[in-house]
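*Asks:* Can you keep this structure in mind? I'll have questions shortly.
The values are calculated or read from the model by the stated rules, or taken from the named source; none is laboratory data. Please read all numbers here as calculations on a predicted model, not as lab measurements. Backbone-built Cβ (ideal geometry, glycine too); neighbour counts: all protein chains shown.
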């Protein structure tokens, strides 16, 4: 069994004192061996065989965070002493012969989830003093499975950006290029995985918040079918954690390989019930067991926003390799819903959801502005504006359009098993913290486009509530990761994860950044 460092060592590291300073970046790099980037499932197996202790894994994670996170700034709420105590308890349980899916495994969770005794702020300065008094249901399930929570990872304020920065915790940077975003809103978690801090992360997604960070940081994520994972306790600070699955939003795991996504899904999936009465949800098995058997539709073009060559090219290379392996590949289908209509409906539904929390003066100002915008104005910005002040009547109409599109997706998946699409239109872009998103732009092959128009690619799976697994495919000439989102039929989450697992096995997956 591995060594068992002293509590004094732990406290020195947690405080950032002499122990952490002595470790230094070189010390952390020296620990970047097979344990640092080992799969969660492999670590759980090693713990069960008593080849390593949970305390040793926790201490290694703490040392690496202490050495590297000053420049990355991913783990912003640290609970190291409690993690050490939980690891000791896990080691005792393992010694007694107990076996649970995550027993003794260190991991992190997104700051937006309630963890008893820790702050939940969503990056809001006004919420700095809020301390959760109970765990989110997903966190309960992780702990019940034996996971050891090291701390919480950074988010943008109100989870509303593809960058992860706020006044309370500062800016999280991409481990592949510190001048660029790791994505958002689960950006801190993706950065932590890429940096080798832990093997699993719990995140969330409504506008690509799992998929953009995975794509930008070269890791894996799974946006589950809507409603599959319970979100109680993934709650704004101070709000009562109630059983409720909000429109469009989901929670889900990030990892460094597809197999660990499946492991986390098994722990987390199921209806909102007390743990004592919870039951395992039986999802359909994967449709296929070999890449050559898959029927794959490739969608890399969108009528309202181009996609950069650095994102399209790796997806096209993957499609070529799949075709060479015997898979059925095509790039068009008459069943594919109208992507432009889907994007416009998404803007309405998404901004209608988040806009419900706008202060009254902001709502009234937006209503006055939108009253002067003719119905003939068809830009995505106009549709976002309409969503901010949407009436219930218009919301119902938009929801009916969504229902028709969901039916189109069902018909499409009668002929196709998965759809491959860009998670975002570009690779990770430079930090841009101008408060007004309207002043920001994203450069797509040298041409500037509206920052928030990037929503069109995440919206592809979000509007119909479909599962989407994101995996890394390649690096650009600048060393930045580029990935693909694998979209599948509703509740057939195991199909998209299995496709990612098979593709990873054949064509490669996560590659560590040059830290």
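*Asks:* In the set 186, 144, 179, which member is in contact (Cβ under 8 Å) with a residue 40 or more places away in the chain and out of contact with any helix residue (DSSP H, G or I) (no Cβ under 9 Å at 6 or more places or on another chain)?
*Replies:* It is 179.
*Asks:* Among the residues of region 277-298, which ones are in contact with a strand residue (DSSP E or B) (Cβ under 9 Å, 6 or more places away or on another chain) and either closer than 20 Å to residue 490 by Cβ or at pLDDT below 95 (or both)?
*Replies:* 287, 288, 294, 295, 296, 297
*Asks:* So is residue 461 assigned to a helix (DSSP H, G or I), within 23 Å of residue 351 (Cα to Cα) and in contact with a strand residue (DSSP E or B) (Cβ under 8 Å, 6 or more places away or on another chain) or not?
*Replies:* Judged against the criteria, residue 461 is a match.
*Asks:* Still on this structure, please answer the following. Does any residue of region 370-379 turn out to be closer than 23 Å to residue 342 by Cβ, part of a helix (DSSP H, G or I) and assigned by TED's automatic domain parsing to the domain that holds residue 342?
*Replies:* Yes - at least one qualifying residue is present in region 370-379.
*Asks:* Continuing with the same structure: With respect to residue 433, is the statement that it is surrounded by fewer than 22 Cβ atoms within 10 Å (Cβ to Cβ) and farther than 23 Å from residue 380 by Cα true?
*Replies:* No.
*Asks:* Further, regarding this structure: Cβ contacts < 8 Å: first residue not assigned by TED's automatic domain parsing to the domain that holds residue 410, restricted to region 319-334; second residue in a loop (DSSP other than H, G, I, E, B) and surrounded by 15 or more Cβ atoms within 10 Å (Cβ to Cβ), any location; separation 6+ or different chain. Result?
*Replies:* Pairs found: none.
*Asks:* Follow-up question, since we're still on this one. Hey, can you tell me all the residues within region 379-392 that are exposed (fewer than 12 other Cβ atoms within 10 Å of the Cβ) and in contact (Cβ under 8 Å) with a residue 24 or more places away in the chain?
*Replies:* none
*Asks:* Mind listing whichever residues of region 213-251 are out of contact with any helix residue (DSSP H, G or I) (no Cβ under 9 Å at 6 or more places or on another chain) and under 15 Å from residue 134 (Cβ atoms)?
*Replies:* 235, 239, 240, 242
*Asks:* Condition check: surrounded by fewer than 24 Cβ atoms within 10 Å (Cβ to Cβ), in contact with a helix residue (DSSP H, G or I) (Cβ under 9 Å, 6 or more places away or on another chain) and within 25 Å of residue 307 (Cβ to Cβ). Does residue 210 satisfy that?
*Replies:* When the stated conditions are applied, residue 210 does not pass them.
*Asks:* Could you tell me whether residue 266 is closer than 20 Å to residue 214 by Cβ, in contact with a helix residue (DSSP H, G or I) (Cβ under 6 Å, 6 or more places away or on another chain) and at pLDDT 95 or above?
*Replies:* no
*Asks:* Then there's this: Mind listing whichever residues of region 244-262 are touching a residue at least 40 places away in the same chain (Cβ under 8 Å) and out of contact with any strand residue (DSSP E or B) (no Cβ under 8 Å at 6 or more places or on another chain)?
*Replies:* Matches in region 244-262: 246, 247, 248, 259, 262.
*Asks:* Of all residues in region 466-505, count the ones that are surrounded by fewer than 21 Cβ atoms within 10 Å (Cβ to Cβ), in a loop (DSSP other than H, G, I, E, B) and in contact with a helix residue (DSSP H, G or I) (Cβ under 7 Å, 6 or more places away or on another chain).
*Replies:* Summing the residues that are surrounded by fewer than 21 Cβ atoms within 10 Å (Cβ to Cβ), in a loop (DSSP other than H, G, I, E, B) and in contact with a helix residue (DSSP H, G or I) (Cβ under 7 Å, 6 or more places away or on another chain) in region 466-505 gives 1.
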